[in-house]
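Trainee: Below is one structure. I have some questions about it.
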Ligand code: FES
Ligand SMILES: [Fe+2]
């Protein structure tokens, strides 16, 4: 029996009694004080996905990740032993940012044999050791052994690279991910190396944006094309096939609609012509058997599972391709959004066109969400309404805000214990 069964009867929400059924507040999306707490309680404590192993293909491959919400800049590098390591991007001499290209506030990537500080030329090897100090003899009691780059906890799962900024993480990565996310292991992410990456700076709290990607209740109203009449419920809405929560993580699965059986007005003409679009290429290459965990509710016919990995990573798995979202808070009312579409490398021009069309149509729909959520943020900031009813189709929204509140409360409790 999995730890996330489908309720035999009744609502999804009541299946998780700790969530309650009352209205909820979105003050956590407008309060500056709450935002400051999220830095410490969440982003400096949780495992954070910063990239994929394909981003570091060989010895000396590196990239930097600016994690402004946690006040950190991190270097990810593949060492001579093949290991991926993470370090704070700070020179041990006088604190210059060690790795950057044109602008010290921007991320950079490349391949190198060692890192050389731009300021006084100290050098560090790919394993973070301090290997060269200009005029070393003029320093006092300088022990180069202990002046290597400051390491950051780093681990990988299914090719996803995670870091944890705590001095001693309270859980290892696998334990943190838990059995439901762990069940996705074996999904062929490593075969889907043709990637389309986009970024956007959005005018909404990071959680509001994530909320729009963990419920489909909004879809008939905001993206009517996405749920044509043929796949709506008798009331004209849309009902998801499966929801589950496991620890701080969530999943929603929907049944698959075969696009080619839908009427022409349900899609853009280019989707019909290229046989690709909103739900990706209509035919995807055989990537072998998928792990059962990709469809934990056993939905048949299965379309997509959308895993929300706490706090800010979302992986949407289709049968032959995937999408990834990351939400990086930049202020209470803004966030930096990163998204990646991953396909198996095109073998023909047709396949390449299918991937391009899927990317463009995806962007069109994401813009619909991004544009509208600026309105949600603006209205919440007025403070005119302080509690909001949440339906059963929005159970994951309820869960997400509860988990965030729980982590913040735990941090506050621990901070008080330290003081008293
Ligand atoms: S600050 Fe890096 S070498 Fe001086
Ligand atoms: Fe949407």
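Trainee: Among the residues that make up the stretch 116-136, is at least one of them surrounded by 14 or more Cβ atoms within 10 Å (Cβ to Cβ), free of Cβ contacts under 8 Å to residues at least 40 places away in the same chain, under 22 Å from residue 48 (Cβ atoms) and away from ligand 2 (no atom under 16 Å from the Cβ)?
Mentor: No, because not a single residue in the stretch 116-136 is surrounded by 14 or more Cβ atoms within 10 Å (Cβ to Cβ), free of Cβ contacts under 8 Å to residues at least 40 places away in the same chain, under 22 Å from residue 48 (Cβ atoms) and away from ligand 2 (no atom under 16 Å from the Cβ).
Trainee: Collect the residues in the stretch 342-364 that are within 16 Å of ligand 2 (Cβ to nearest atom) and either without any contact (Cβ under 8 Å) to a residue 12 or more places away in the chain or not in a helix (DSSP H, G or I) (or both), keeping them in residue-number order.
Mentor: Across the stretch 342-364, the qualifying residue is only 364.
Trainee: Could you check the stretch 208-226 and list, in sequence order, the residues that are touching a residue at least 24 places away in the same chain (Cβ under 8 Å) and more than 13 Å from residue 394 (Cβ to Cβ)?
Mentor: 209, 222, 223, 225, 226, listed by residue number.
Trainee: Could you check residue 367 against (1) touching a strand residue (DSSP E or B) at 6+ places or on another chain (Cβ under 9 Å); (2) assigned to a helix (DSSP H, G or I); (3) surrounded by 13 or more Cβ atoms within 10 Å (Cβ to Cβ) and say which number it fails?
Mentor: Checking residue 367 against (1) touching a strand residue (DSSP E or B) at 6+ places or on another chain (Cβ under 9 Å); (2) assigned to a helix (DSSP H, G or I); (3) surrounded by 13 or more Cβ atoms within 10 Å (Cβ to Cβ), the one that fails is (3).
Trainee: Go over the candidates 79, 51, 60, 95 one by one and state the one that is over 24 Å from residue 335 (Cβ atoms) and in contact (Cβ under 8 Å) with a residue 60 or more places away in the chain. Spell out how you get there, then give the answer.
Mentor: Working: 79 fails: in contact (Cβ under 8 Å) with a residue 60 or more places away in the chain; 51 fails: over 24 Å from residue 335 (Cβ atoms); 95 fails: in contact (Cβ under 8 Å) with a residue 60 or more places away in the chain.
Matching residue, one of 79, 51, 60, 95: 60.
Trainee: Another question about this same structure. If you take the residues of the stretch 263-321 that are assigned to a helix (DSSP H, G or I) and under 22 Å from the mean Cα position of the chain (by Cα), which of them is surrounded by the most Cβ atoms within 10 Å (Cβ to Cβ)?
Mentor: Initial filter on the stretch 263-321 (assigned to a helix (DSSP H, G or I)): 264-266, 269-274, 292-294.
From what's left, under 22 Å from the mean Cα position of the chain (by Cα): 292-294.
Working: 292: 12, 293: 20, 294: 22.
So the residue we want is 294.
Trainee: Being in contact with a strand residue (DSSP E or B) (Cβ under 8 Å, 6 or more places away or on another chain) and closer than 18 Å to residue 84 by Cβ is the requirement here; does residue 181 meet it?
Mentor: Values: in contact with a strand residue (DSSP E or B) (Cβ under 8 Å, 6 or more places away or on another chain): yes; closer than 18 Å to residue 84 by Cβ: no.
No: the conditions fail for residue 181.
Trainee: For the stretch 98-115, give me each residue that is touching a strand residue (DSSP E or B) at 6+ places or on another chain (Cβ under 6 Å) and touching a residue at least 12 places away in the same chain (Cβ under 8 Å). Don't jump to the end; show me each part of the working.
Mentor: Residues of the stretch 98-115 that are touching a strand residue (DSSP E or B) at 6+ places or on another chain (Cβ under 6 Å), as a first pass: 98-99, 104, 107-109, 111, 114-115.
Those that are touching a strand residue (DSSP E or B) at 6+ places or on another chain (Cβ under 6 Å) and touching a residue at least 12 places away in the same chain (Cβ under 8 Å): 98, 99, 107, 108, 109, 111, 114, 115.
Trainee: Tally time: how many residues in the stretch 222-247 are part of a helix (DSSP H, G or I) and either within 25 Å of the chain's Cα centre (by Cα) or at positive phi (or both)? Full working, then the answer.
Mentor: So the first thing to find is which residues in the stretch 222-247 are part of a helix (DSSP H, G or I), and the list is 222, 224-226, 229-231.
Now drop any that are not either within 25 Å of the chain's Cα centre (by Cα) or at positive phi (or both), which leaves 222, 226.
Summing the residues that are part of a helix (DSSP H, G or I) and either within 25 Å of the chain's Cα centre (by Cα) or at positive phi (or both) in the stretch 222-247 gives 2.
Trainee: If I filter the stretch 150-164 down to residues being touching a strand residue (DSSP E or B) at 6+ places or on another chain (Cβ under 6 Å) and not in a strand (DSSP E or B), which single residue comes out as surrounded by the fewest Cβ atoms within 10 Å (Cβ to Cβ)?
Mentor: Looking at the filtered set, the residue picked out is 150.
Trainee: Looking at the stretch 374-386, can you tell me whether even one residue there is farther than 30 Å from residue 288 by Cβ, free of Cβ contacts under 8 Å to residues at least 24 places away in the same chain, within 16 Å of ligand 2 (Cβ to nearest atom) and assigned to a helix (DSSP H, G or I)?
Mentor: Checking the stretch 374-386: at least one residue is farther than 30 Å from residue 288 by Cβ, free of Cβ contacts under 8 Å to residues at least 24 places away in the same chain, within 16 Å of ligand 2 (Cβ to nearest atom) and assigned to a helix (DSSP H, G or I).
Trainee: Please determine, by comparing only the residues of the stretch 102-111 that are in a loop (DSSP other than H, G, I, E, B) and closer than 13 Å to residue 76 by Cβ, which one is farthest from the chain's Cα centre (by Cα).
Mentor: Among residues in the stretch 102-111 that are in a loop (DSSP other than H, G, I, E, B) and closer than 13 Å to residue 76 by Cβ, the one farthest from the chain's Cα centre (by Cα) is 108.
Trainee: Across the stretch 226-256, what is the number of residues that are at pLDDT below 80 and within 16 Å of ligand 2 (Cβ to nearest atom)?
Mentor: Here the count works out to 4.
Trainee: Please find, among 219, 199, the residue that is within 16 Å of ligand 2 (Cβ to nearest atom) and either crowded, with 18+ Cβ neighbours inside 10 Å or under 17 Å from residue 314 (Cβ atoms) (or both). Before the answer, list the steps.
Mentor: On the way: 199 fails: within 16 Å of ligand 2 (Cβ to nearest atom).
So the residue among 219, 199 that is within 16 Å of ligand 2 (Cβ to nearest atom) and either crowded, with 18+ Cβ neighbours inside 10 Å or under 17 Å from residue 314 (Cβ atoms) (or both) is 219.
Trainee: Any residue in the stretch 137-147 that is touching a helix residue (DSSP H, G or I) at 6+ places or on another chain (Cβ under 9 Å) and under 30 Å from residue 42 (Cβ atoms)?
Mentor: Let us first name the residues in the stretch 137-147 that are touching a helix residue (DSSP H, G or I) at 6+ places or on another chain (Cβ under 9 Å), namely 142, 144.
Those left that are additionally under 30 Å from residue 42 (Cβ atoms): none.
For the stretch 137-147, residues touching a helix residue (DSSP H, G or I) at 6+ places or on another chain (Cβ under 9 Å) and under 30 Å from residue 42 (Cβ atoms): absent.
Trainee: Of all the residues that make up the stretch 380-399, how many are out of contact with any strand residue (DSSP E or B) (no Cβ under 8 Å at 6 or more places or on another chain) and more than 20 Å from residue 327 (Cβ to Cβ)?
Mentor: 9
Trainee: Oh, and also: Here are some conditions: (1) within 24 Å of the chain's Cα centre (by Cα); (2) under 27 Å from residue 292 (Cα atoms). Residue 15 meets all but one. Which one does it not meet?
Mentor: Against the list (1) within 24 Å of the chain's Cα centre (by Cα); (2) under 27 Å from residue 292 (Cα atoms), residue 15 comes up short only on (1).
Trainee: Among the residues of the stretch 125-140, write down those that are part of a loop (DSSP other than H, G, I, E, B) and either closer than 16 Å to residue 94 by Cα or in contact with a strand residue (DSSP E or B) (Cβ under 7 Å, 6 or more places away or on another chain) (or both). Show your work before the answer.
Mentor: Taking the stretch 125-140 and keeping what is part of a loop (DSSP other than H, G, I, E, B), we get 125-129, 133-135, 139-140.
Answer for the stretch 125-140, where residues must be part of a loop (DSSP other than H, G, I, E, B) and either closer than 16 Å to residue 94 by Cα or in contact with a strand residue (DSSP E or B) (Cβ under 7 Å, 6 or more places away or on another chain) (or both): 125, 126, 127, 128, 133, 134, 135, 139, 140.
The values are calculated or read from the model by the stated rules, or taken from the named source; none is laboratory data. None of the values given here were measured: they were computed from a predicted structure. All Cβ positions, even for glycine, are placed from backbone atoms using ideal geometry, and neighbour counts span all protein chains on display.
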